[in-house]
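Peer 1: Attaching a single structure in structure tokens format; questions to follow.
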Amino acid sequence: MIPPGRPWPAPPRTHEDHSVTDDELFEAVRARVKAGQPTDLASTLTTPEPASLDTVEDVERTTGYRLPPLVRRLYLEIADGGVGPFLGFSPLHGEDIGMASGCLDYLNAELDPEDPPAPPPGVLFFCDFGCAMWALLDCRHPEGQMWWWEEGDRHKLALTFPQWIQAWLDGRLTHKFMAARQLRDESWVGPWANEQPY
């Protein structure tokens, strides 16, 4: 087992140069799970069982979009959440934290004018980083475009899901890494961003 704080071994090539395949990324994630390090946190929690095909298809019907192929495979073959950065990916269904329930909550919510607008349809709360910070998954993109949500501000990132998971496997997925890849397209920053500090 790799000592805490050290990057996890991953394929030597980065997905950013498109030389790492989804199969290689899948196997690197599976190896990490088998070694007892499914997330960034030291935990005795058991990794959930894989999701059923019915569950995956139900989420896809609910959101109106298919999950990107690598994401779909991770849920079907490794675990229904609890794998990946920080606390791991959200489960597909769950009373409070499931991706499907989170999507429905936003679609059905009457948002207060002071609240941040809902993410566009097909953009799901995917991975909870704590303190009102989330990685969002945009299922409108064939590989899954990644977004960053921080206390209501959201930024589309110049990262696909395979690039994002590769950065995690390499130990490079930091706030600074994601901030350097923010795009303006479809991003939203609340009016408080222009407020003067005290």
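The values are calculated or read from the model by the stated rules, or taken from the named source; none is laboratory data. Note that the structure is a prediction, hence the values are computed from the model and not measured. Using ideal geometry, Cβ is built from the backbone for each residue, glycine included, and neighbour counts are taken over all protein chains shown.
Peer 1: Checking Arg154 against (1) at pLDDT 90 or above; (2) basic (Lys, Arg); (3) touching a Phe, Trp or Tyr at 6+ places or on another chain (Cβ under 6 Å), which single condition isn't satisfied?
Peer 2: It fails just one condition, (1).
Peer 1: Mind listing whichever residues of the stretch 133-151 are modelled with pLDDT of 90 or more, in a strand (DSSP E or B) and among the hydrophobic types (A, V, I, L, M, F, W, C)?
Peer 2: Listed by number, the residues that qualify are Ala135, Leu136, Leu137, Met146, Trp147, Trp148.
Peer 1: Further question: Looking at (1) of a type outside the set (A, V, I, L, M); (2) in a helix (DSSP H, G or I); (3) out of contact with any Asp or Glu (no Cβ under 7 Å at 6 or more places or on another chain); (4) at pLDDT 85 or above, which is the only condition Cys103 fails?
Peer 2: (4)
Peer 1: May I pose another question? So Leu159 clears everything in (1) touching a residue at least 24 places away in the same chain (Cβ under 8 Å); (2) touching a strand residue (DSSP E or B) at 6+ places or on another chain (Cβ under 8 Å) except one condition, right? Which one?
Peer 2: Of (1) touching a residue at least 24 places away in the same chain (Cβ under 8 Å); (2) touching a strand residue (DSSP E or B) at 6+ places or on another chain (Cβ under 8 Å), only one is false for Leu159: (1).
Peer 1: Just one of Ile2, Ile97 is part of a loop (DSSP other than H, G, I, E, B), modelled with pLDDT under 95 and within 19 Å of the chain's Cα centre (by Cα); which is it?
Peer 2: Exactly one residue qualifies, and that residue is Ile97.
Peer 1: Sticking with this one: Within the stretch 135-176, which residues are surrounded by 23 or more Cβ atoms within 10 Å (Cβ to Cβ) and of a type in the set (Phe, Trp, Tyr)?
Peer 2: Trp147, Phe161, Trp164, Trp168
Peer 1: Write out, first by first residue and then by second, each pair whose Cβ atoms fall under 7 Å of each other, whose residues are 6+ apart or on separate chains, and whose first residue, in the stretch 48-63, is closer than 14 Å to Leu124 by Cβ while the second is among the hydrophobic types (A, V, I, L, M, F, W, C) and surrounded by fewer than 16 Cβ atoms within 10 Å (Cβ to Cβ).
Peer 2: Thr62/Leu104
Peer 1: Quick check on this structure: which one of Arg13, Arg66 is touching a Cys at 6+ places or on another chain (Cβ under 8 Å) and either closer than 20 Å to Arg140 by Cβ or modelled with pLDDT under 85 (or both)?
Peer 2: Criteria check complete, one pass: Arg66.
Peer 1: It is to be established whether one or more residues within the stretch 47-63 are of a type in the set (A, V, I, L, M, F, W, C), crowded, with 19+ Cβ neighbours inside 10 Å, within 16 Å of the chain's Cα centre (by Cα) and outside any helix (DSSP H, G or I).
Peer 2: The answer is no, given that none of the residues of the stretch 47-63 is of a type in the set (A, V, I, L, M, F, W, C), crowded, with 19+ Cβ neighbours inside 10 Å, within 16 Å of the chain's Cα centre (by Cα) and outside any helix (DSSP H, G or I).
Peer 1: Another question, then. Counting only residues that are under 16 Å from the mean Cα position of the chain (by Cα) and outside any strand (DSSP E or B), which one in the stretch 177-191 is surrounded by the fewest Cβ atoms within 10 Å (Cβ to Cβ)?
Peer 2: Among residues in the stretch 177-191 that are under 16 Å from the mean Cα position of the chain (by Cα) and outside any strand (DSSP E or B), the one surrounded by the fewest Cβ atoms within 10 Å (Cβ to Cβ) is Ala179.
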